[in-house]
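Encoded as structure tokens, the structure appears first; notes follow it.
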Amino acid sequence: MARPAPARGSYDPHAAHRDFESEVARLRAQALVTWPKEAARLEGYGLRDGMSVLEIGCGPGFVTRELLGRWPSLKVTGLELDADLARQARKLNRRAGQRVRVVEGSILDAGLRDNRFDFAIARLVFQHLPDPLVAAREAFRVLKPRGKLVVVDVDDALWGIADPALPELAPVLRKAAGAQSERGGNRLIGRRLHRLLLAAGFVDPDLDAVVGHSDQLGLEPFRANLDADRFRPLVEQGLLEETDVATARAAYERFLGSPAPFLLTLYLVACGAKPRRTRRS
């Protein structure tokens with residue numbers, strides 16, 4: 001019997017920006033802005049060269065490329081629900097040969113065998129899932145005993161800092177978060193990651209954070225997320241007003257035109273280990 005199509009959740013790359021190419025460019029910037037600190041955190045949690053890694057929601061493969069480049073004997077399986085993003089990931093990482101495989105599918109029903117991977121990474125994925133606990137349990141299933149799951153995600157209460165502040169943007173972002181919630185997502189998922197890992201059976205969970213800021217990186221890596229047109233699909237869907245896009249654009253232009261704009265973004269990072277022995281074993 002054919003497997004039922006998995007729920008897409010709150011993310012659709014074809015309806016997340018003014019066009020697909022703009023969204024891929026935004027995903028590239030988002031993947032790289034805190035990568036050096038995330039990579040150090042992954043090493044701290046035990047990621048080592050030669051391991052087998054499941055990258056949950058690999059998107060167009062930018063983090064995949066960084067993983068393969070930093071650890072030259074790593075073997076990465078990218079799991080990606082969207083066929084177009086999966087094709088992008090394969091194309092971007094084709095030179096890695098057999099070290100990388102991209103599978104079309106959802107972590108809610110991955111179809112991968114038990115006890116296969118040493119490490120799993122879910123970066124900015126859980127916020128989009130209608131049932132993140134199912135995803136965490138599926139990651140638990142496919143990890144080897146003592147394998148690790150690392151989840152990197154957001155919590156809008158702790159998103160970061162803008163100086164000068166952007167108070168007029170707050171109601172627009174609340175509307176956008178509400179629209180994501182209606183589609184099954186949760187922009188406050190960060191505060192739940194620790195307990196999600198415990199509920200899924202992981203032991204010794206840890207919760208930490210990584211930050212990226214413009215004084216170190218410059219503003220360019222943040223510009224893709226400061227594009228007001230990323231809200232336009234929500235206008236077309238009737239979830240935002242045209243005035244919301246105009247408000248966002250004016251706020252960003254004021255911010256970028258200020259004498260010394262500063263932007264800091266923060267992601268929460270959770271890690272849990274699969275025990276050496278589980279109840280099933």
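The values are calculated or read from the model by the stated rules, or taken from the named source; none is laboratory data. What you see is a predicted model, and the numbers here were worked out from it, not measured in a lab. Neighbour counts run over all protein chains shown; Cβ positions are idealised from the backbone, glycine included.
What the table below lists for this structure:
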{"read-out": "Failed criterion for GLU242 (all others in (1) surrounded by 14 or more Cβ atoms within 10 Å (Cβ to Cβ); (2) without any contact (Cβ under 8 Å) to a residue 60 or more places away in the chain hold)", "value": "(1)"}
{"read-out": "Of residues in the range 25-49 being out of contact with any Pro (no Cβ under 8 Å at 6 or more places or on another chain), within 30 Å of ASP229 (Cα to Cα) and of a type in the set (A, V, I, L, M), the one surrounded by the most Cβ atoms within 10 Å (Cβ to Cβ)", "value": "ALA31"}
{"read-out": "Matching entry among ALA39, ALA89 (being touching a strand residue (DSSP E or B) at 6+ places or on another chain (Cβ under 9 Å) and at pLDDT 95 or above)", "value": "ALA89"}
{"read-out": "Residue match in the range 189-196 (condition: buried (at least 20 other Cβ atoms within 10 Å of the Cβ), among the charged types (D, E, K, R) and modelled with pLDDT of 95 or more)", "value": "no"}
{"read-out": "Filtered residue count, the range 137-174, keeping only those that are in contact with a strand residue (DSSP E or B) (Cβ under 7 Å, 6 or more places away or on another chain) and either in a strand (DSSP E or B) or small (Gly, Ala, Ser) (or both)", "value": "15"}
{"read-out": "Of all residues making up the range 256-275, the number that are touching a Gly at 6+ places or on another chain (Cβ under 9 Å) and part of a strand (DSSP E or B)", "value": "10"}
{"read-out": "Criterion (within 22 Å of VAL210 (Cβ to Cβ) and assigned to a helix (DSSP H, G or I)) met by exactly one of ALA177, ALA96", "value": "ALA177"}
{"read-out": "Subset of the range 91-111 (residues that are of a type outside the set (A, V, I, L, M), more than 28 Å from ARG276 (Cα to Cα) and buried (at least 19 other Cβ atoms within 10 Å of the Cβ))", "value": "ASN93"}
{"read-out": "Some residue of the range 105-116 being modelled with pLDDT of 95 or more and not basic (Lys, Arg)", "value": "yes"}
{"read-out": "Odd one out for GLU253 among (1) at pLDDT 95 or above; (2) closer than 26 Å to PRO13 by Cα; (3) under 22 Å from the mean Cα position of the chain (by Cα)", "value": "(3)"}
{"read-out": "Count of the range 35-68 residues which are part of a strand (DSSP E or B) and among the polar types (S, T, N, Q)", "value": "1"}
{"read-out": "Some residue of the range 69-77 being over 24 Å from VAL269 (Cα atoms), in a loop (DSSP other than H, G, I, E, B), modelled with pLDDT of 95 or more and hydroxyl-bearing (Ser, Thr, Tyr)", "value": "yes"}
{"read-out": "Contacts under 8 angstrom Cβ, first residue in the range 1-20 being within 18 Å of CYS58 (Cα to Cα), partner at pLDDT below 80, 6 or more apart", "value": "none"}
{"read-out": "Residues (surrounded by 19 or more Cβ atoms within 10 Å (Cβ to Cβ), of a type in the set (D, E, K, R) and more than 18 Å from ASP155 (Cβ to Cβ)) located in the range 112-139", "value": "ASP118, GLU138"}
{"read-out": "GLY61 vs. criteria at pLDDT 90 or above, of a type outside the set (Val, Ile, Thr) and loosely packed, with under 14 Cβ neighbours inside 10 Å", "value": "no"}
{"read-out": "Residue check for ALA224: more than 26 Å from CYS271 (Cα to Cα), free of Cβ contacts under 8 Å to residues at least 40 places away in the same chain and surrounded by 17 or more Cβ atoms within 10 Å (Cβ to Cβ)", "value": "no"}
{"read-out": "Set GLY184, GLY190, GLY238: member being more than 21 Å from the chain's Cα centre (by Cα) and small (Gly, Ala, Ser)", "value": "GLY238"}
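This table checks each residue for (1) touching a residue at least 40 places away in the same chain (Cβ under 8 Å); (2) among the basic types (Lys, Arg); (3) closer than 16 Å to VAL53 by Cβ.
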{"residue": "ALA122", "(1), (2), (3)": "yes, no, yes"}
{"residue": "PHE126", "(1), (2), (3)": "yes, no, no"}
{"residue": "LEU129", "(1), (2), (3)": "yes, no, no"}
{"residue": "GLY147", "(1), (2), (3)": "yes, no, yes"}
{"residue": "ASP153", "(1), (2), (3)": "yes, no, no"}
{"residue": "LEU158", "(1), (2), (3)": "yes, no, no"}
{"residue": "ASP163", "(1), (2), (3)": "yes, no, no"}
{"residue": "ARG174", "(1), (2), (3)": "no, yes, no"}
{"residue": "ARG183", "(1), (2), (3)": "yes, yes, no"}
